[in-house]
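Read the structure below first, then the notes.
No lab work stands behind these numbers, since they all come straight from the coordinates. Everything quoted here is computed from the prediction, not taken from an experiment. Don't worry about glycine lacking a Cβ; one is built from the backbone with ideal geometry, like all the others, and counts go over all protein chains shown.
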Amino acid sequence: MQRRQFVHAVIGVSVVPKVLLGQKAGSASLPLPAPVPWTLGLNPRTPLPHTVEADAVAESVPAFFSERQMATLTRLADVLLPPLGDKPGAVLAQTPQFLDFFIGSSSAERQDVYTGGLDWLEAEAQKRHKTPFADLDNEQAGVVIKPWLRTWMSDHPPTELHADFINIAHGDIREATVNSAAWNATPTTGAQERTQNELYWSPIEPDLYGESAACAEGRAHVLAAPRLPQFMPEYKR
Amino acid sequence: MKNEMYDVLIIGSGHSGGMAAKILTEKGIRCLMLNAGPVADVSRDVERKRASELPYRGFRPPGQVDHVFQSNEFNANVWVDEQEVPYTFDPAHPYNWVRVRLFGGRSLFWSRQSFRLSDYELKGASHDGYGTDWPIGSADLAPYYSRVEGIFRVTGALDGPPQLPNGNFILDDAPWSPSMQRFIAAAKPRGIPVCKQRRAMGQNGLASSVNLLLPDAEKTGKLTSIANAVVRTITVDKNTGLPNGCNFVDRLTRREMSVRARVVVLAAGTLESTRLLLNSGLANSSGVLGHYLTDQIYGAGLVCSVPEARNGRSKGLMGGSAIVPRFRNIATRSDKFLRGYALNVSSSTGDVDLRNFAAYGADLQRKLEAYQGSGFHMTIMGEVLGRYENHVHIDNSMADTWGIPVLHVQTRYTDNEFNMAKDAVETGKELAHTAGFEVLSSNDQPNPPGYSIHEIGTARMGDDPKTSVLNKWNQSHDHKNLFVVDGASFVSGGWQNPTMTILSLSMRASEYLAGEMSKQNI
């Protein structure tokens, strides 16, 4: 209901400027008496306020991973993608914080890959080095990680337990870092990946009514695919 | 004029609907086109952005289009929202239904690979005993293919064996790169043909209904189009039992509307056309409507590296792309599977994806530097056998945003497809080793059905009204003024990207329809 009221309000204000602009055209040489309605000046020549991405100035508040998981993820991200040359590493690019947000809003299957994987990493670190994963040096971390590295083709990550997490997380950490503002702000050389720069499609005539009304009442749409022992990529993205 | 009787109602504006509109209006026939979605205006809807400016850093927003593996944050809004127009399937057998409802449909985004079907596909049953022959052969389609290839400006070489018929091409006479020559040399002794890639150039890089077909139709002054018209049912004249228009709902306002026409042409895309027929209770005296859904297996393949091209020596060695047309079960018989697959082959001068290295950090970066410009890719496009049990039906337990019952998709691959994918990867590895390429990664598991966005069948054509929905002119056996001109009419699909065939069939059906209308048979 709130959304519909909002839509009506938007429709309402969109009508006003045309009326006022029409008045202006009739008396173009005369300055309008103050106060000028705010809507009058909104036209293509109106200066636009400049804004920055929130990431540039604000800290994100962790909301999904536990403190221990977040510490493990941060160390893992730093090991897998440390600062190289002029490029920031995953930690400087705030990739762990981004993944906390992104994985936190992803499917339960994907969340399980991460939480299970991070808990397993911590358990392995304790078992092998009697140290939290977050405190391992690069060599110690490598002992835990390297046996699980695999090569794979897109949409078909490894399905083997632990290898799935290591390789999926590696891909995500890398992509999130390459597509960060910090990475984009530094020059790219050689085979360093470039921040994706593509045509972005806005929602096209979005169906606000459907979004707020009909769909909200419907039951869950397409059923999620469960893990299968064979055949289908069960990587729930 | 309100409630005007149009000559032809065309539902859908993609390649098949656009072609029908072009052909019919150019013959003076007044057409009304309905499209379920809005017009995409790039000056309004599109801007260049960096992923770092987007909330999800380029990742597909969670939950938005779960079954569109092709999607990311940049393009997530062009696909049909799975919440808005749901579909159902058995969770053990997922289906990736990838849809676009913008004006022009998927013709805005296709990969533009342009192939003809051969009689190995059209008369496949005669060749190997499996399935059903099409009621038409390659000679019936050849003249239409030629005209379509002209409109779409298809590039290629006249180098196809019988299973890859040549066409009306803008000739590609560029020499093969040395890496491609090595691949060809490895393939030749095995009887594996390697041909120049065939691709529609269109105009300005776009080969779509909106720039190649609809402008011609609009020029005639005979085409009227409505956007955001979600068709609910095809209506039927109570006296004659013949379709006479449709009821639709306005996508945004929910206003219920109706239009009338003498002829109805369905071009909504394979599964949407079939869904509409099923929801309207039409064209199904055979009981075959919805059945024989097929597509093509994608996702299996391998990534290689050409060692001599590493460490900055890519130039002059790498580059170019090729199509390896089906070579299995042509002259010999495989005991592992029926039919066959093609391989898309490309020699890349760009980056090699990091997934190809079991490494991280500085070690990975060194590998990425060293391997840059040495990537050599092979990916499968394989035929999926037509099976009665692979089908769609209406799922009355669920409706879309406008209350229209949704489709349940029930389809799965079998050992024929899985064995084909394994053979493709094994063969690719053999070729790579012979050519001296290093195999970096491989995958022999197909993506879920639907992924190729080549869904076809479900209203197949045939001479026998008891076993087919349409006749050889894409005309309903049951209702003479009802045509289905999209991929639903396919009897079998082969490995070929179906677009050229859909366009040719739509052109052929539309000319037949115009002829029948002028003779007053319809």
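Note that region A:60-184 shows a convex hull volume over its alpha carbon atoms of 110 Å³ per residue.
Here the Karplus relation 6.51 cos²θ - 1.76 cosθ + 1.60, evaluated at θ = phi - 60°, turns the backbone of region B:448-462 into coupling constants of x, x, x, 4, 5, 6, 10, 5, 9, x, 5, 9, 5, 8, x Hz, with x for every Gly and Pro. If both residues of a DSSP beta bridge must be in chain B, then about 70% of such bridges are antiparallel. The spacing between region B:105-148 and region B:448-522, judged by their C-alpha centroids, is 12 Å. Please list the non-local residues whose amide H lies under 5 Å from the amide H of residue A:200, H modeled 1.01 Å from N, same-chain partners needing a gap of 5 or more. Correct list: B:47, B:48, B:49. Only beta bridges with both residues in the protein assembly as shown are counted; by DSSP, about 75 percent of them are antiparallel. Backbone geometry of region B:52-69 corresponds, through the Karplus equation with coefficients 6.51, -1.76 and 1.60 at θ = phi - 60°, to 3J(HN,Hα) couplings of 5, 8, 9, x, 9, 6, x, 5, 4, x, x, x, 7, 9, 4, 9, 9, 4 Hz, x marking Gly and Pro.
The ranking of B:224, B:401, A:189 by Cβ neighbour count inside 10 Å, starting from the fewest, reads A:189, B:224, B:401. Between the beta carbons of residue A:92 and residue B:157, assuming R0 = 45 Å, the FRET efficiency works out to 0.35 to the nearest 0.05.
Find the centroid of the Cα atoms in region B:1-61 and in region A:84-100, then give the distance between the two in whole Å. Each part's Cα centre sits 41 Å from the other's. Net charge dipole, the protein assembly as shown: roughly 1720 debye, given to the nearest 20, about the Cα centre with Cβ charges of +1 for Lys and Arg and -1 for Asp and Glu. For the cross-link pairs B:22/B:466; B:219/B:519; B:22/B:196, the ones whose C-alpha atoms lie over 27 Å apart are B:22/B:466; B:22/B:196. By how many degrees, 0 to 90 and rounded to 10, does the Cα axis of helix B:138-152 deviate from the longest principal axis of chain B? Tilt relative to chain B: about 80 degrees.
To the nearest 10 degrees, how steeply does helix B:361-371 sit against the main Cα axis of chain B, on a 0 to 90 scale? Here the helix axis deviates by roughly 90 degrees. Centre-to-centre, using Cα atoms only, region B:182-213 and region B:334-351 are separated by 13 Å. Close amide H partners of residue B:440, meaning residues 5 or more places away or on another chain with modelled amide H under 5 Å apart, are B:303, B:304, B:305.
Contact order for chain B, expressed relative to its length and based on alpha carbon pairs under 8 Å spaced 6+ residues apart, stands at 22 percent. Helix B:15-26 versus the longest principal axis of chain B: what is the Cα-based angle in degrees, 0 to 90, to the nearest 10? With both axes taken from Cα atoms, the answer is about 50 degrees. Full extension of the segment from residue B:218 to residue B:335, taken as 0.36 nm per residue of separation minus the current Cα-Cα distance, would add 36.9 nm.
Using alpha-carbon pairs under 8 Å, 6+ residues apart, how would you state the relative contact order of region B:369-467 in percent? Provide the component values of the computation, followed by the final result.
Values: 63 pairs, mean separation 21.9, N = 99.
Reported relative contact order: 22 percent.
Between amide H atoms placed 1.01 Å from N, distances below 5 Å from residue B:6 occur with B:260, B:261, B:262, all of them 5 or more places distant or on a separate chain. Across region B:154-167, computed HN-Hα scalar couplings (Karplus, 6.51 cos²θ - 1.76 cosθ + 1.60, θ = phi - 60°) run 7, 9, x, 10, 8, 10, x, x, x, 7, 9, x, 6, x Hz from first to last residue, x flagging Gly and Pro. Other protein chain C-beta atoms within 10 Å of residue C-beta, averaged over A:163-172: 2.
Taking the protein assembly as shown on its own, what percent of its Cα-Cα pair distances exceed 39 Å?
Everything past 39 Å amounts to 42 percent.
Return B:285, B:280 ranked ascending by Cβ neighbour count within 10 Å, so the fewest neighbours appear first.
Final ranking by Cβ density, sparse to dense: B:285, B:280.
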